[in-house]
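All remarks here apply to the structure that follows.
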Amino acid sequence: MDVVSVLERTVEVQVEGLAAAAPLPLALMVDHLMTLVDRRSDAPESHDDLGVSSTAGSDLAHGEAAMAMGLSAFEAAERLRGLVDAAQLGALTRLHSSAQAVFDSAAAQSWVGRTPFTVHEMVVLEVTAATGLGAGEVGSRLDLAIGSVARFGFLRDAVAAGLTTLRRACRLVEATRQLGDEATDTVVRTALAPTRDGSGLSDPLFSQRMRRAILAVDTEREATRAAARKRVGAYAQIFDDGTGTLTITNDAEKIAAAIDRADRAARAARAQGDPRTLDQLRADFLTDAAIFGWPDGRGSFGSVRRQPAGSVRVVMPFSTLFGHDDAPCELPGHGWVSARHAREMATAEGSTWQALLADLDTGRALALSRKGYRPTPEMIEHVRAVDGICRGPGCQVRADRCDIDHDIPWPVGPTDVDHLSSKDRKHHRVRTTGLWSAVRHPDDSIEWRTAAGRRYITFPYDWFEGVRPNQPASDHTPPIAPASMDLQRRAAEPHDPPPF
(Lines give C-alpha, C1' and ligand atoms only; values in the text may rest on other atoms or scores of the structure.)
Protein backbone atom coordinates (compact mmCIF):
# COMPACT_ATOMS: atom_id res chain seq x y z
CA MET A 1 0.00 0.00 0.00
CA ASP A 2 1.59 3.35 -1.01
CA VAL A 3 1.83 6.44 1.09
CA VAL A 4 -0.80 8.30 -0.95
CA SER A 5 -3.46 5.70 -0.14
CA VAL A 6 -2.52 5.71 3.55
CA LEU A 7 -2.70 9.49 3.70
CA GLU A 8 -5.97 9.67 1.79
CA ARG A 9 -7.53 7.18 4.17
CA THR A 10 -6.21 9.15 7.15
CA VAL A 11 -7.58 12.36 5.67
CA GLU A 12 -11.01 10.79 5.18
CA VAL A 13 -11.13 9.74 8.83
CA GLN A 14 -10.05 13.18 10.00
CA VAL A 15 -12.45 15.05 7.71
CA GLU A 16 -15.51 13.05 8.82
CA GLY A 17 -15.66 15.01 12.08
CA LEU A 18 -14.57 18.29 10.55
CA ALA A 19 -17.93 19.70 9.50
CA ALA A 20 -18.83 21.12 12.91
CA ALA A 21 -15.26 21.77 14.00
CA ALA A 22 -13.77 25.18 14.73
CA PRO A 23 -10.74 26.58 12.80
CA LEU A 24 -8.30 25.44 15.53
CA PRO A 25 -9.02 21.70 15.11
CA LEU A 26 -8.53 22.17 11.37
CA ALA A 27 -5.08 23.65 11.99
CA LEU A 28 -4.20 20.77 14.31
CA MET A 29 -5.38 18.26 11.72
CA VAL A 30 -3.18 19.85 9.05
CA ASP A 31 -0.16 19.77 11.37
CA HIS A 32 -0.83 16.11 12.17
CA LEU A 33 -1.16 15.10 8.53
CA MET A 34 1.95 17.02 7.47
CA THR A 35 3.88 15.22 10.22
CA LEU A 36 2.59 11.95 8.81
CA VAL A 37 3.76 12.96 5.34
CA ASP A 38 7.24 13.75 6.67
CA ARG A 39 7.50 10.44 8.52
CA ARG A 40 6.40 8.34 5.58
CA SER A 41 8.63 10.18 3.15
CA ASP A 42 11.66 8.55 4.83
CA ALA A 43 12.80 5.55 2.84
CA PRO A 44 12.19 2.32 4.80
CA GLU A 45 14.86 -0.27 5.34
CA SER A 46 12.74 -2.82 3.54
CA HIS A 47 10.96 -2.11 0.25
CA ASP A 48 8.97 -5.32 0.00
CA ASP A 49 5.66 -3.51 0.30
CA LEU A 50 6.66 -1.36 -2.68
CA GLY A 51 7.29 -4.36 -4.89
CA VAL A 52 11.08 -4.06 -4.78
CA SER A 53 13.08 -7.09 -3.62
CA SER A 54 15.28 -6.25 -0.66
CA THR A 55 17.50 -9.21 -1.54
CA ALA A 56 18.34 -7.93 -4.99
CA GLY A 57 21.11 -5.89 -3.47
CA SER A 58 20.73 -3.31 -6.17
CA ASP A 59 21.52 0.26 -5.17
CA LEU A 60 19.54 1.31 -8.21
CA ALA A 61 16.42 -0.50 -7.01
CA HIS A 62 16.74 0.95 -3.53
CA GLY A 63 17.24 4.43 -4.97
CA GLU A 64 14.19 4.04 -7.19
CA ALA A 65 12.08 2.92 -4.24
CA ALA A 66 13.25 5.84 -2.13
CA MET A 67 12.45 8.28 -4.95
CA ALA A 68 9.02 6.71 -5.41
CA MET A 69 8.30 7.15 -1.71
CA GLY A 70 9.43 10.80 -1.75
CA LEU A 71 7.37 11.56 -4.87
CA SER A 72 4.29 9.93 -3.37
CA ALA A 73 4.70 12.00 -0.22
CA PHE A 74 4.96 15.16 -2.29
CA GLU A 75 1.77 14.27 -4.16
CA ALA A 76 0.02 13.58 -0.86
CA ALA A 77 1.07 16.97 0.48
CA GLU A 78 -0.33 18.63 -2.66
CA ARG A 79 -3.67 16.88 -2.11
CA LEU A 80 -3.56 17.93 1.52
CA ARG A 81 -3.22 21.55 0.36
CA GLY A 82 -6.51 21.11 -1.47
CA LEU A 83 -8.21 20.39 1.85
CA VAL A 84 -6.80 23.57 3.34
CA ASP A 85 -7.85 25.62 0.30
CA ALA A 86 -11.35 24.13 0.47
CA ALA A 87 -11.53 25.02 4.16
CA GLN A 88 -10.51 28.58 3.31
CA LEU A 89 -13.23 28.84 0.66
CA GLY A 90 -15.74 27.57 3.20
CA ALA A 91 -14.56 30.21 5.67
CA LEU A 92 -15.02 32.91 3.03
CA THR A 93 -18.56 31.68 2.39
CA ARG A 94 -19.40 31.91 6.09
CA LEU A 95 -17.72 35.30 6.38
CA HIS A 96 -19.75 36.61 3.45
CA SER A 97 -22.97 35.30 4.98
CA SER A 98 -22.17 36.92 8.34
CA ALA A 99 -21.18 40.18 6.65
CA GLN A 100 -24.48 40.21 4.77
CA ALA A 101 -26.35 39.93 8.07
CA VAL A 102 -24.31 42.76 9.62
CA PHE A 103 -24.76 44.87 6.51
CA ASP A 104 -28.54 44.37 6.47
CA SER A 105 -28.98 45.01 10.19
CA ALA A 106 -26.87 48.17 10.10
CA ALA A 107 -28.83 49.54 7.14
CA ALA A 108 -25.74 51.64 6.48
CA GLN A 109 -24.62 52.98 3.15
CA SER A 110 -21.93 55.16 1.68
CA TRP A 111 -22.27 56.92 -1.62
CA VAL A 112 -18.71 58.20 -1.75
CA GLY A 113 -17.81 57.71 -5.38
CA ARG A 114 -21.50 57.62 -6.40
CA THR A 115 -21.70 53.84 -6.21
CA PRO A 116 -23.22 51.87 -3.32
CA PHE A 117 -20.96 50.07 -0.87
CA THR A 118 -21.35 46.29 -1.17
CA VAL A 119 -20.97 43.26 1.06
CA HIS A 120 -18.37 41.91 -1.37
CA GLU A 121 -16.31 45.08 -0.88
CA MET A 122 -16.69 44.78 2.88
CA VAL A 123 -15.44 41.16 3.00
CA VAL A 124 -12.47 41.91 0.74
CA LEU A 125 -11.44 44.82 2.99
CA GLU A 126 -11.63 42.63 6.10
CA VAL A 127 -9.49 39.86 4.60
CA THR A 128 -6.88 42.14 3.01
CA ALA A 129 -6.42 44.03 6.28
CA ALA A 130 -6.03 40.81 8.27
CA THR A 131 -3.78 38.88 5.86
CA GLY A 132 -2.03 41.37 3.57
CA LEU A 133 -3.28 39.51 0.50
CA GLY A 134 -4.09 41.61 -2.56
CA ALA A 135 -7.65 42.82 -3.07
CA GLY A 136 -7.84 41.22 -6.52
CA GLU A 137 -6.69 37.84 -5.23
CA VAL A 138 -9.14 37.91 -2.32
CA GLY A 139 -11.95 39.03 -4.62
CA SER A 140 -11.36 36.07 -6.94
CA ARG A 141 -11.31 33.60 -4.03
CA LEU A 142 -14.52 35.10 -2.67
CA ASP A 143 -16.24 34.83 -6.06
CA LEU A 144 -15.16 31.19 -6.26
CA ALA A 145 -16.45 30.53 -2.74
CA ILE A 146 -19.92 32.09 -3.15
CA GLY A 147 -20.51 31.25 -6.81
CA SER A 148 -23.47 29.00 -7.63
CA VAL A 149 -23.11 25.23 -7.84
CA ALA A 150 -23.95 25.39 -11.53
CA ARG A 151 -21.10 27.82 -12.10
CA PHE A 152 -18.30 26.80 -9.77
CA GLY A 153 -19.44 23.57 -8.06
CA PHE A 154 -17.14 21.38 -10.16
CA LEU A 155 -14.24 23.80 -9.73
CA ARG A 156 -14.59 23.87 -5.93
CA ASP A 157 -14.68 20.07 -5.85
CA ALA A 158 -11.52 19.94 -7.97
CA VAL A 159 -9.73 22.27 -5.56
CA ALA A 160 -10.83 20.22 -2.53
CA ALA A 161 -9.65 17.00 -4.15
CA GLY A 162 -6.25 18.49 -4.96
CA LEU A 163 -6.87 18.12 -8.71
CA THR A 164 -6.06 21.79 -9.33
CA THR A 165 -4.51 24.61 -7.38
CA LEU A 166 -6.30 27.58 -5.92
CA ARG A 167 -4.21 29.85 -8.14
CA ARG A 168 -5.45 28.15 -11.29
CA ALA A 169 -9.00 28.16 -9.97
CA CYS A 170 -8.80 31.92 -9.51
CA ARG A 171 -7.47 32.30 -13.05
CA LEU A 172 -10.55 30.47 -14.29
CA VAL A 173 -12.78 32.73 -12.19
CA GLU A 174 -11.27 35.83 -13.76
CA ALA A 175 -11.19 34.47 -17.32
CA THR A 176 -14.86 33.43 -17.27
CA ARG A 177 -16.23 36.50 -15.48
CA GLN A 178 -18.20 37.62 -18.54
CA LEU A 179 -19.62 34.15 -19.33
CA GLY A 180 -22.86 32.53 -18.15
CA ASP A 181 -22.97 29.69 -15.64
CA GLU A 182 -23.28 26.86 -18.18
CA ALA A 183 -20.53 28.22 -20.40
CA THR A 184 -18.27 28.72 -17.39
CA ASP A 185 -18.76 25.14 -16.22
CA THR A 186 -17.89 23.91 -19.72
CA VAL A 187 -14.67 25.94 -19.77
CA VAL A 188 -13.67 24.66 -16.32
CA ARG A 189 -14.23 21.00 -17.18
CA THR A 190 -12.37 21.35 -20.47
CA ALA A 191 -9.38 23.13 -18.95
CA LEU A 192 -9.01 20.64 -16.08
CA ALA A 193 -9.60 17.41 -18.01
CA PRO A 194 -6.97 14.68 -17.41
CA THR A 195 -4.05 14.56 -19.83
CA ARG A 196 -3.88 11.77 -22.40
CA ASP A 197 -0.48 10.52 -21.23
CA GLY A 198 -1.32 10.51 -17.52
CA SER A 199 1.14 13.23 -16.61
CA GLY A 200 0.30 16.27 -14.55
CA LEU A 201 -1.46 19.18 -16.23
CA SER A 202 1.27 21.69 -17.09
CA ASP A 203 0.67 25.41 -16.90
CA PRO A 204 1.14 26.03 -20.65
CA LEU A 205 -1.35 23.26 -21.49
CA PHE A 206 -3.82 24.58 -18.91
CA SER A 207 -3.60 28.10 -20.36
CA GLN A 208 -3.97 26.81 -23.92
CA ARG A 209 -7.04 24.73 -23.02
CA MET A 210 -8.63 27.61 -21.12
CA ARG A 211 -8.23 30.10 -23.97
CA ARG A 212 -9.45 27.62 -26.57
CA ALA A 213 -12.48 26.64 -24.47
CA ILE A 214 -13.44 30.29 -23.93
CA LEU A 215 -13.26 30.97 -27.66
CA ALA A 216 -15.38 27.89 -28.32
CA VAL A 217 -18.24 28.96 -26.02
CA ASP A 218 -17.95 32.70 -26.64
CA THR A 219 -18.67 32.57 -30.35
CA GLU A 220 -19.57 36.25 -30.60
CA ARG A 221 -16.38 37.22 -28.71
CA GLU A 222 -18.46 39.53 -26.50
CA ALA A 223 -17.04 38.20 -23.24
CA THR A 224 -13.51 38.28 -24.63
CA ARG A 225 -13.82 41.90 -25.73
CA ALA A 226 -15.46 42.97 -22.47
CA ALA A 227 -12.73 41.31 -20.42
CA ALA A 228 -10.03 42.85 -22.61
CA ARG A 229 -11.42 46.36 -22.19
CA LYS A 230 -11.22 45.94 -18.41
CA ARG A 231 -7.49 45.34 -18.75
CA VAL A 232 -6.87 48.70 -20.44
CA GLY A 233 -4.64 50.77 -18.21
CA ALA A 234 -1.10 51.79 -17.37
CA TYR A 235 1.14 51.20 -14.37
CA ALA A 236 4.78 51.74 -13.46
CA GLN A 237 7.27 49.73 -11.43
CA ILE A 238 10.52 51.21 -10.11
CA PHE A 239 13.51 48.92 -9.51
CA ASP A 240 16.36 49.26 -7.03
CA ASP A 241 18.94 49.48 -9.83
CA GLY A 242 17.61 52.90 -10.93
CA THR A 243 15.50 51.69 -13.86
CA GLY A 244 11.77 51.15 -14.13
CA THR A 245 9.09 49.59 -16.30
CA LEU A 246 6.04 51.36 -17.75
CA THR A 247 3.36 48.89 -18.83
CA ILE A 248 0.51 50.09 -21.05
CA THR A 249 -2.46 47.98 -22.13
CA ASN A 250 -4.70 49.51 -24.77
CA ASP A 251 -6.43 48.78 -28.07
CA ALA A 252 -4.26 46.74 -30.40
CA GLU A 253 -4.25 49.38 -33.14
CA LYS A 254 -3.10 52.09 -30.69
CA ILE A 255 -0.27 49.96 -29.32
CA ALA A 256 0.83 49.00 -32.85
CA ALA A 257 0.74 52.62 -34.02
CA ALA A 258 2.72 53.83 -31.00
CA ILE A 259 5.51 51.25 -31.29
CA ASP A 260 5.70 51.69 -35.07
CA ARG A 261 6.12 55.44 -34.66
CA ALA A 262 8.79 54.94 -32.02
CA ASP A 263 10.56 52.43 -34.26
CA ARG A 264 10.64 54.85 -37.20
CA ALA A 265 12.08 57.59 -34.99
CA ALA A 266 14.63 55.17 -33.53
CA ARG A 267 15.83 53.97 -36.93
CA ALA A 268 16.09 57.55 -38.19
CA ALA A 269 18.20 58.47 -35.16
CA ARG A 270 20.46 55.44 -35.70
CA ALA A 271 20.92 56.42 -39.34
CA GLN A 272 22.10 59.83 -38.17
CA GLY A 273 24.74 58.25 -35.94
CA ASP A 274 23.02 58.02 -32.54
CA PRO A 275 25.03 55.44 -30.52
CA ARG A 276 22.05 54.09 -28.56
CA THR A 277 20.52 50.72 -29.49
CA LEU A 278 17.16 50.53 -31.23
CA ASP A 279 15.53 49.26 -28.02
CA GLN A 280 16.99 52.16 -26.05
CA LEU A 281 15.92 54.67 -28.66
CA ARG A 282 12.37 53.32 -28.79
CA ALA A 283 12.13 53.45 -25.01
CA ASP A 284 13.51 57.01 -24.84
CA PHE A 285 11.16 58.19 -27.59
CA LEU A 286 8.03 56.85 -25.87
CA THR A 287 8.94 58.09 -22.39
CA ASP A 288 10.08 61.52 -23.68
CA ALA A 289 6.81 61.85 -25.58
CA ALA A 290 4.85 61.11 -22.40
CA ILE A 291 6.91 63.49 -20.24
CA PHE A 292 7.52 66.45 -22.55
CA GLY A 293 4.51 66.33 -24.87
CA TRP A 294 3.69 64.81 -28.22
CA PRO A 295 6.27 65.20 -31.01
CA ASP A 296 5.21 67.14 -34.05
CA GLY A 297 4.35 65.60 -37.41
CA ARG A 298 7.96 64.81 -38.20
CA GLY A 299 7.99 62.27 -35.36
CA SER A 300 11.70 62.71 -34.67
CA PHE A 301 13.65 63.09 -31.44
CA GLY A 302 14.54 66.67 -32.23
CA SER A 303 10.90 67.65 -32.40
CA VAL A 304 10.09 66.60 -28.83
CA ARG A 305 9.38 69.66 -26.67
CA ARG A 306 11.99 69.87 -23.90
CA GLN A 307 9.98 71.82 -21.29
CA PRO A 308 8.61 69.11 -18.99
CA ALA A 309 4.86 68.86 -18.46
CA GLY A 310 5.28 65.88 -16.16
CA SER A 311 7.07 65.66 -12.83
CA VAL A 312 8.54 63.18 -10.37
CA ARG A 313 9.17 63.69 -6.66
CA VAL A 314 12.17 62.38 -4.79
CA VAL A 315 12.42 62.71 -0.99
CA MET A 316 15.97 62.99 0.31
CA PRO A 317 17.58 64.26 3.53
CA PHE A 318 19.69 67.42 3.25
CA SER A 319 22.65 65.37 4.47
CA THR A 320 22.26 63.11 1.45
CA LEU A 321 21.61 65.98 -0.96
CA PHE A 322 24.91 67.63 -0.03
CA GLY A 323 26.87 64.39 -0.05
CA HIS A 324 27.43 63.91 3.69
CA ASP A 325 25.94 60.39 3.49
CA ASP A 326 24.61 57.98 0.88
CA ALA A 327 21.26 57.00 2.36
CA PRO A 328 18.75 55.61 -0.18
CA CYS A 329 16.04 58.08 -1.22
CA GLU A 330 12.34 57.56 -1.83
CA LEU A 331 10.23 58.12 -4.91
CA PRO A 332 6.88 58.39 -3.07
CA GLY A 333 4.48 55.71 -4.20
CA HIS A 334 7.07 53.93 -6.36
CA GLY A 335 10.10 52.79 -4.40
CA TRP A 336 13.69 53.73 -3.64
CA VAL A 337 16.71 54.89 -5.63
CA SER A 338 20.37 55.24 -4.73
CA ALA A 339 21.71 58.47 -3.24
CA ARG A 340 23.75 59.18 -6.37
CA HIS A 341 20.72 58.73 -8.62
CA ALA A 342 18.64 61.00 -6.35
CA ARG A 343 21.32 63.73 -6.46
CA GLU A 344 21.34 63.52 -10.25
CA MET A 345 17.59 64.08 -10.33
CA ALA A 346 17.74 66.90 -7.79
CA THR A 347 20.43 68.77 -9.71
CA ALA A 348 18.98 68.17 -13.20
CA GLU A 349 18.05 71.18 -15.29
CA GLY A 350 14.54 72.42 -14.44
CA SER A 351 14.39 70.73 -11.02
CA THR A 352 12.72 72.63 -8.19
CA TRP A 353 13.25 72.06 -4.48
CA GLN A 354 10.63 72.14 -1.76
CA ALA A 355 11.48 71.74 1.92
CA LEU A 356 9.68 68.96 3.79
CA LEU A 357 10.34 69.43 7.51
CA ALA A 358 10.09 66.23 9.51
CA ASP A 359 10.55 65.18 13.12
CA LEU A 360 13.89 63.37 13.48
CA ASP A 361 12.52 60.87 16.02
CA THR A 362 9.21 59.89 14.39
CA GLY A 363 9.74 60.90 10.74
CA ARG A 364 6.37 62.73 10.83
CA ALA A 365 6.05 65.76 8.56
CA LEU A 366 5.91 68.89 10.77
CA ALA A 367 -1.87 74.08 11.87
CA LEU A 368 -3.72 75.52 9.28
CA SER A 369 -7.50 75.63 9.68
CA ARG A 370 -10.55 77.25 8.15
CA LYS A 371 -14.23 77.59 8.98
CA GLY A 372 -15.63 76.17 5.74
CA TYR A 373 -16.18 72.55 4.76
CA ARG A 374 -13.59 72.16 2.03
CA PRO A 375 -9.92 72.37 2.98
CA THR A 376 -7.65 74.79 1.15
CA PRO A 377 -5.06 73.51 -1.35
CA GLU A 378 -2.35 74.31 1.22
CA MET A 379 -4.13 72.22 3.85
CA ILE A 380 -4.52 69.31 1.43
CA GLU A 381 -0.81 69.46 0.58
CA HIS A 382 0.06 69.49 4.29
CA VAL A 383 -2.18 66.52 5.11
CA ARG A 384 -0.77 64.51 2.23
CA ALA A 385 2.78 65.29 3.36
CA VAL A 386 1.98 64.07 6.89
CA ASP A 387 0.17 60.91 5.78
CA GLY A 388 2.32 59.92 2.81
CA ILE A 389 0.00 57.01 2.05
CA CYS A 390 -3.60 56.06 2.81
CA ARG A 391 -4.26 55.86 6.56
CA GLY A 392 -6.33 52.68 6.15
CA PRO A 393 -4.84 49.49 7.66
CA GLY A 394 -2.33 47.82 5.37
CA CYS A 395 -3.05 50.22 2.49
CA GLN A 396 -0.18 51.57 0.36
CA VAL A 397 -2.08 53.90 -1.98
CA ARG A 398 -0.21 57.20 -2.33
CA ALA A 399 -1.76 60.09 -0.41
CA ASP A 400 -2.03 62.25 -3.53
CA ARG A 401 -4.37 59.60 -4.98
CA CYS A 402 -6.60 59.50 -1.88
CA ASP A 403 -9.65 61.43 -0.71
CA ILE A 404 -9.16 63.96 2.07
CA ASP A 405 -11.57 62.82 4.78
CA HIS A 406 -12.82 64.59 7.91
CA ASP A 407 -11.92 62.23 10.77
CA ILE A 408 -14.89 63.68 12.67
CA PRO A 409 -17.73 64.52 10.26
CA TRP A 410 -18.12 68.23 9.54
CA PRO A 411 -19.51 70.56 10.95
CA VAL A 412 -18.94 68.92 14.37
CA GLY A 413 -15.40 68.13 13.31
CA PRO A 414 -13.38 71.21 12.29
CA THR A 415 -11.71 71.61 8.92
CA ASP A 416 -8.07 71.74 9.99
CA VAL A 417 -5.03 69.61 9.31
CA ASP A 418 -5.28 67.93 12.71
CA HIS A 419 -8.73 66.53 11.86
CA LEU A 420 -8.18 65.57 8.21
CA SER A 421 -6.53 62.44 6.84
CA SER A 422 -5.84 60.73 3.54
CA LYS A 423 -8.03 57.72 2.82
CA ASP A 424 -8.26 55.89 -0.46
CA ARG A 425 -11.75 55.51 -1.83
CA LYS A 426 -12.49 52.05 -0.40
CA HIS A 427 -11.44 52.99 3.14
CA HIS A 428 -13.27 56.30 2.87
CA ARG A 429 -16.41 54.45 1.82
CA VAL A 430 -16.32 51.82 4.57
CA ARG A 431 -15.68 54.49 7.20
CA THR A 432 -18.67 56.58 6.11
CA THR A 433 -20.99 53.55 6.29
CA GLY A 434 -20.24 53.24 10.00
CA LEU A 435 -19.41 49.54 9.50
CA TRP A 436 -15.79 50.42 10.29
CA SER A 437 -14.88 53.12 12.78
CA ALA A 438 -11.79 55.32 12.65
CA VAL A 439 -10.85 57.35 15.73
CA ARG A 440 -7.99 59.82 15.65
CA HIS A 441 -5.84 60.17 18.79
CA PRO A 442 -3.77 63.14 20.01
CA ASP A 443 -0.53 61.61 18.65
CA ASP A 444 -2.17 61.58 15.17
CA SER A 445 -2.50 57.80 15.15
CA ILE A 446 -5.81 56.51 13.79
CA GLU A 447 -7.42 53.53 15.49
CA TRP A 448 -9.61 51.42 13.22
CA ARG A 449 -12.17 48.86 14.33
CA THR A 450 -13.62 46.67 11.59
CA ALA A 451 -16.98 44.95 11.34
CA ALA A 452 -15.26 41.71 12.37
CA GLY A 453 -13.99 43.34 15.56
CA ARG A 454 -10.36 43.55 14.41
CA ARG A 455 -8.39 46.54 15.69
CA TYR A 456 -5.63 48.27 13.70
CA ILE A 457 -3.64 51.43 14.43
CA THR A 458 -2.05 53.44 11.62
CA PHE A 459 0.43 56.28 11.99
CA PRO A 460 1.67 59.29 10.01
CA TYR A 461 4.25 58.38 7.39
CA ASP A 462 7.83 58.08 8.62
CA TRP A 463 9.83 60.00 6.02
CA PHE A 464 13.08 58.90 7.68
CA GLU A 465 12.32 55.18 7.37
CA GLY A 466 15.25 53.53 5.66
CA VAL A 467 17.49 56.49 6.52
CA ARG A 468 17.99 56.24 10.31
CA PRO A 469 19.47 53.05 11.83
CA ASN A 470 16.94 50.27 12.29
CA GLN A 471 14.91 50.68 15.44
CA PRO A 472 12.84 48.01 17.20
CA ALA A 473 9.11 48.36 16.67
CA SER A 474 7.41 49.88 19.68
CA ASP A 475 4.37 48.34 21.28
CA HIS A 476 2.36 51.52 21.00
CA THR A 477 -1.17 51.54 22.33
CA PRO A 478 -2.50 55.10 22.12
CA PRO A 479 -4.91 56.28 24.79
CA ILE A 480 -8.53 56.84 23.90
CA ALA A 481 -9.19 60.54 23.33
CA PRO A 482 -12.42 61.38 25.20
CA ALA A 483 -12.87 64.66 23.37
CA SER A 484 -12.67 63.00 19.95
CA MET A 485 -15.04 60.23 21.01
CA ASP A 486 -17.47 62.82 22.36
CA LEU A 487 -17.34 64.78 19.13
CA GLN A 488 -18.09 61.62 17.17
CA ARG A 489 -21.11 60.85 19.33
CA ARG A 490 -22.35 64.41 18.85
CA ALA A 491 -21.82 64.39 15.07
CA ALA A 492 -25.03 65.58 13.50
CA GLU A 493 -24.16 64.22 10.09
CA PRO A 494 -22.52 60.73 10.19
CA HIS A 495 -21.74 60.64 6.46
CA ASP A 496 -19.45 63.13 4.79
CA PRO A 497 -20.76 64.10 1.34
CA PRO A 498 -18.41 63.20 -1.50
CA PRO A 499 -15.60 63.67 -2.19
CA PHE A 500 -14.63 64.46 1.45
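Out of the residues in the stretch 49-105 that are hydroxyl-bearing (Ser, Thr, Tyr) and at pLDDT 85 or above, which is surrounded by the most Cβ atoms within 10 Å (Cβ to Cβ)? Checking each candidate, the answer is 93. Does residue 215 count as more than 26 Å from the chain's Cα centre (by Cα), modelled with pLDDT under 90 and within 25 Å of residue 149 (Cα to Cα)? Criteria met by residue 215. Just so you know, in the stretch 462-474 the residues that are surrounded by fewer than 22 Cβ atoms within 10 Å (Cβ to Cβ) and in contact with a Gly (Cβ under 7 Å, 6 or more places away or on another chain) include one that is modelled with the highest pLDDT, and it is 462. Looking at the stretch 211-230, is at least one residue of a type in the set (Lys, Arg), surrounded by fewer than 20 Cβ atoms within 10 Å (Cβ to Cβ) and outside any helix (DSSP H, G or I)? Yes, the stretch 211-230 contains at least one residue that is of a type in the set (Lys, Arg), surrounded by fewer than 20 Cβ atoms within 10 Å (Cβ to Cβ) and outside any helix (DSSP H, G or I).
Scanning the stretch 139-188 for residues being in a helix (DSSP H, G or I), closer than 19 Å to residue 230 by Cβ and not charged (D, E, K, R) gives a total of 11. Of the listed requirements (1) of a type outside the set (Val, Ile, Thr); (2) modelled with pLDDT of 85 or more; (3) in a helix (DSSP H, G or I), residue 197 misses just one: (3). Scanning the stretch 115-133 for any residue that is touching a strand residue (DSSP E or B) at 6+ places or on another chain (Cβ under 9 Å) and buried (at least 20 other Cβ atoms within 10 Å of the Cβ) turns up at least one such residue. For residue 133, the conditions (1) more than 19 Å from the chain's Cα centre (by Cα); (2) part of a loop (DSSP other than H, G, I, E, B) all hold with the exception of (1).
For the stretch 230-283, the set of residues classified as charged (D, E, K, R) and farther than 29 Å from residue 177 by Cβ consists of 240, 241, 260, 261, 263, 264, 267, 270, 274, 276, 279, 282, listed by residue number.
The values are calculated or read from the model by the stated rules, or taken from the named source; none is laboratory data. All of these numbers come straight from a predicted model, not from anything done at the bench. FYI the Cβ positions are ideal-geometry reconstructions off the backbone, even for glycines, and counts take in every protein chain you see.
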